[in-house]
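Read through the structure below, which is laid out as structure tokens, and then see the notes.
None of the figures in this text is laboratory data; all of them are computed from the coordinates on show. Everything quoted here is computed from the prediction, not taken from an experiment. All Cβ positions, glycine included, derive from the backbone under ideal geometry; neighbour counts span all protein chains shown.
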């Protein structure tokens, strides 16, 4: 028992251990959400960015990390204070029409992301000489079992273990033998390449992709719903806020190594890259077969994680938008609609991928357009709720959070419009 007679050192250790236990009690939602941003489409974007732009794109990571941390902190703070998810509050305060519009856009955009994640499983299976169709079916079956047959705690622990597989990108980057001085230096300011009008255009276009694949619309709903499902107490809000910034740092920590691996091999040797799956084969001649294999394993893992988390974000959003039961701790019978929505997306994405005549390129373009239009309105609602003292009380946004988030929303809106323009205008 700790009291006034206990040595100072022991008292400090006791307090520290208590703080650690409190942090671990809320740990999970923000880290899983942030790490799932590095799904297969995210890995593809970072791989292409490194191969096309080299080390200078790393400068953008610091900005993206701050953006991700701020917006996800707002989402988790809103949920812990109100005991309601973002979708719940939109339905209550803006009605069914707004809910229906946002959910429809979210569902279509998320389906496009899931198709990309399922395609990553298919392609990496081929790389490892595994029959693609059985591989996709097996991964979807595992995703079903983890969520439907488990509960919240099991799903959280399983997904946190999945996050550990992102360590393979560190090994791939090290094996690539990059110029570490140039890599770390470009975090501070972009340099080390010959600038041209074409490079600057590519930097802007791909940079928008890096922003869009990290700060996502589904991520805002998932972190809100997943933390609500965890039932975090308001007294522990500081620890949840801390985890959001930890999660933002962690996701871009691994993104750093993804970019470094392809910048050190493909950009340096002028090799074009159009997809993340290609990277695992393309870097082998320069970094060795092990590096390529590890990169491929990372993409396969990212595809699986994306399938689980993005599907869950849609199921959670449906449950909140339309007022039906939806919790990982509920039985299938109690939250039947929630689990059906979850499984339906997985199966549909798998079916689409296994039909070769379907144009994945058109699906990806449609997803980008819808996501670009959806994200700014979602942030509008998020900022409006977290800035409302009637809702948030003492936990409403401070001046920095308010104006920084507004500026971020404007930047994202402009970036979204620019991204849409690139789909129709040849640069």
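Between residue 268 and residue 242, what is the label-point separation in nm under the 7 Å Cα-to-beta-carbon projection?
Label at residue 242, label at residue 268, 3.9 nm between them.
Shape call for segment 99-186 from the C-alpha gyration tensor, a ≥ b ≥ c root eigenvalues: rounded (a/c under 1.5), prolate (a/b greater than b/c) or oblate?
Verdict is prolate for segment 99-186.
Could you work out how far the C-alpha centroid of segment 77-102 sits from that of segment 164-185, in angstrom?
41
Cα atoms only: what Rg and Dmax, in Å, come out for segment 153-210?
Both quantities, over Cα of segment 153-210: 17.1, 51 Å.
For segment 32-361, max minus min Cα coordinate along each principal axis, in Å, sorted largest first?
56, 43, 33
If each of residue 126 and residue 142 carries a label point 7 Å out from its Cα toward its Cβ, how far apart are those two points in nm?
2.1
Of 46, 380, 144, how do they rank once you tally other Cβ atoms within 10 Å and put the fewest first?
Result, fewest neighbours first: 380, 144, 46.
Compare the peptides 66-77, 219-230, 128-139 by average per-residue count of other Cβ atoms within 10 angstrom and give them in order, highest first.
Highest-to-lowest ranking by the protection proxy: 219-230, 66-77, 128-139.
Using the 10 angstrom Cβ neighbour count as an exposure proxy, how do 117, 88 rank, fewest first?
88, 117
How much length would be gained if the chain were fully extended between residue 351 and residue 336, taking 0.36 nm per residue of separation minus their Cα-Cα distance, in nm to one decimal?
This chain segment gains 3.2 nm when fully extended.
With 10 angstrom as the radius, rank 103, 373 by how many other C-beta atoms surround their C-beta, starting from the fewest.
In increasing order of surrounding Cβ atoms, one gets 373, 103.
What is the spin-label model distance, in nm, from residue 187 to residue 404 if the labels are put 7 Å beyond Cα along the C-beta direction?
1.8
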